[in-house]
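Student: Structure in structure tokens, see below.
The values are calculated or read from the model by the stated rules, or taken from the named source; none is laboratory data. These numbers come from a predicted model, not from an experiment. Using ideal geometry, Cβ is built from the backbone for each residue, glycine included, and neighbour counts are taken over all protein chains shown.
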Amino acid sequence: GIQVEQSPPDLILQEGANSTLRCNFSDSVNNLQWFHQNPWGQLINLFYIPSGTKQNGRLSATTVATERYSLLYISSSQTTDSGVYFCAVPKTYGQNFVFGPGTRLSVLP
Amino acid sequence: DSGVTQTPKHLITATGQRVTLRCSPRSGDLSVYWYQQSLDQGLQFLIQYYNGEERAKGNILERFSAQQFPDLHSELNLSSLELGDSALYFCASSREVNTGELFFGEGSRLTVL
């Protein structure tokens with residue numbers, strides 16, 4: 001089945017810094033999502049991005065489906081950006097979504 | 001607000017007991033997924049339903065069972081609870097089976113003492 005990797009596993013930033021999170025997947029996909037799990041455990045949809053680039057405020061995402069990766073950019077990071085960022089893709093054969101292991105981001109004041 | 005409703009938000013119970021977690025999907029979503037997240041771990045897929053039928057099973061224990069009702073809400077039953085079952089249990093829904101956008105509820109935090 002499809003494998004999903006995320007890098008880096010952990011990231012510590014000073015408030016105001018920029019960062020790039022990466023998601024690699026082993027097979028072609030017809031959709032990809034990015035989620036943010038905040039310190040209270042809530043899973044928040046960030047982007048549904050099968051291909052191309054999308055922007056939402058300080059966050060943007062790019063998926064290059066032909067090269068099997070997606071990038072999440074966080075600019076001018078804030079402490080509220082802390083948490084774990086997951087990417088997820090549909091399972092190649094099957095009926096559910098496969099999640100990457102996540103990138104844990106800590107933004108220090 | 002994702003539109004996916006989970007109850008209860010918190011639950012504390014004892015080993016050996018049985019609990020039921022409930023999920024109402026977003027309006028119009030036919031597919032419901034259950035995930036388990038133990039402390040500082042990733043999301044483990046448990047089971048998926050589509051329009052009332054089981055579609056996929058993950059690493060769901062035999063002590064756990066689920067169903068999706070005609071009104072599309074779903075329940076996850078956890079029985080003979082053990083300390084290791086303490087976790088966040090998430091429900092998610094999507095319009096179709098494994099395409100389209102996945103939306104998560106706020107989770108049910110289960111603590112087994």
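Student: Listed residues A:A61, A:A65; which is away from every other protein chain (no Cβ under 12 Å) and at pLDDT below 95?
Tutor: That would be A:A65, the only listed residue that is away from every other protein chain (no Cβ under 12 Å) and at pLDDT below 95.
Student: Could you check the range B:1-19 and list, in sequence order, the residues that are touching a residue at least 12 places away in the same chain (Cβ under 8 Å) and under 23 Å from B:S94 (Cβ atoms)?
Tutor: Once the filter is applied, which keeps residues that are touching a residue at least 12 places away in the same chain (Cβ under 8 Å) and under 23 Å from B:S94 (Cβ atoms), the range B:1-19 yields B:S2, B:G3, B:V4, B:T5, B:Q6, B:T7, B:K9.
Student: Same structure again: Hey, does the range B:79-86 have a residue that's modelled with pLDDT under 95 and closer than 20 Å to B:R22 by Cβ?
Tutor: The answer is no; no qualifying residue exists.
Student: Answer yes or no as to whether A:Q42 is within 14 Å of chain B (Cβ to nearest Cβ), at pLDDT below 95 and under 22 Å from B:R95 (Cα atoms).
Tutor: Taking the combined requirement at face value, the residue satisfies it.
Student: Taking A:F86 as the residue in question, decide whether it is closer than 15 Å to B:E101 by Cα, assigned to a strand (DSSP E or B), of a type outside the set (K, R) and touching a Lys or Arg at 6+ places or on another chain (Cβ under 7 Å).
Tutor: no
Student: Give me the residue from the range A:69-93 that is in contact with an Asp or Glu (Cβ under 9 Å, 6 or more places away or on another chain) and at pLDDT below 95 and, out of that set, farthest from B:Q41 (Cα to Cα).
Tutor: Across the range A:69-93, the extreme among qualifying residues is A:T92.
Student: Among what's in the range B:93-113 and is aliphatic (A, V, I, L, M) and modelled with pLDDT under 95, pick the residue that is surrounded by the fewest Cβ atoms within 10 Å (Cβ to Cβ).
Tutor: B:V97
Student: Do any strands (runs of 3 or more DSSP E) entirely within the range B:9-113 hold 2 or more residues that are away from chain A (no Cβ under 12 Å), in contact with an Asp or Glu (Cβ under 8 Å, 6 or more places away or on another chain) and of a type outside the set (A, V, I, L, M, F, W, C), and if so, which?
Tutor: B:19-24, B:64-68
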